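Heads up: the structure comes next, in structure tokens.
The values are calculated or read from the model by the stated rules, or taken from the named source; none is laboratory data. Note that the structure is a prediction, hence the values are computed from the model and not measured. Protein only, heavy atoms only, side chains kept; ligands, DNA and RNA dropped before computing areas. Shrake-Rupley method; radii C 1.70, N 1.55, O 1.52, S 1.80 Å.
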Amino acid sequence: MLIYLVILKPNVMKLKILILIAGVVVLASCGPSYRVTDQSTVKTDTIGVPSEIKSSFSTQYPTATNVVWSTYDASATPLVDWDLNGWPALGEGAYVATFNLNNDTYYAWYGANSDWVGTAYTLNDYKSLPPAINTMLNDKFPGYTISSVNREMKKDQMAYELQLKNGDSKTKLLVDDNGNIIKQKTVDK
């Protein structure tokens, strides 16, 4: 019996050490698949964002934090209705920066030619909409409620993209600060 315990004990110990090593390896491989940085650290660019784009971004948004770069993917574009706002179509070689600014999460798009296309963020406090927009909504869309609001900026325009709902009826509006409707479309149910 003593011989059995002496032989068994080293094998159990080896098994425990092997399980511990396997656990450490699994935990070490669970890190993020992208690099999150802020302006106070050296940015590591693993996807090859051109220096012209990064320079333009840093000039535009010097206080941005938690900047994450990714290649543009039309199927994963949050916030912006590209048809509604008239932004140019992006393709291969375009990039998106997701970042924090003034306690909001922003998205900035850059084309393959390194030009800034636009920036957007979700406006969570609808009461902060300009009074002219609220007046226009009350006059032209009585009974509708706001489902979402995005603030969108591009070179020659700053606008709000509003999603409105009244029962089964849904409408999207692109409006300027003065409450003028730039573009409107009905959303299919």
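In the context of the full set of protein chains, residues of region 52-109 present 49 Å² of accessible surface per residue (probe radius 1.4 Å, heavy atoms only).
Here the relative contact order of region 83-179, from alpha carbon pairs under 8 Å that lie six or more residues apart, stands at 21 percent. A straight line joining the Cα centroids of region 64-118 and region 129-179 runs 21 Å. Remark: for residue pairs 140/183; 127/154; 140/165; 127/183, the C-alpha separation exceeds 19 Å in 127/154; 127/183.
Overall, the accessible surface of region 121-160 at a probe of 1.4 angstrom is composed of carbon and sulfur to the extent of 51 percent. Which of the aspartates and glutamates could be linked to residue 172 by a straight reach, that is with a Cα gap under 20 Å, when you skip same-chain ones fewer than 8 residues away? Here the aspartates and glutamates satisfying the reach criterion relative to residue 172 are 81, 83, 125, 139, 152, 161, 188. Around the amide H of residue 118, modelled in the peptide plane, lie the amide H atoms of 109, all under 5 Å away and 5 or more residues distant in sequence or on another chain.
Where the accessible area of region 44-115 is counted over protein heavy atoms with a 1.4 Å probe, how much of it, in %, is carbon and sulfur? Please report the intermediate quantities before stating the final value.
Numbers: 1670 of 3600 Å².
Within region 44-115, the accessible surface is 46 percent carbon and sulfur.
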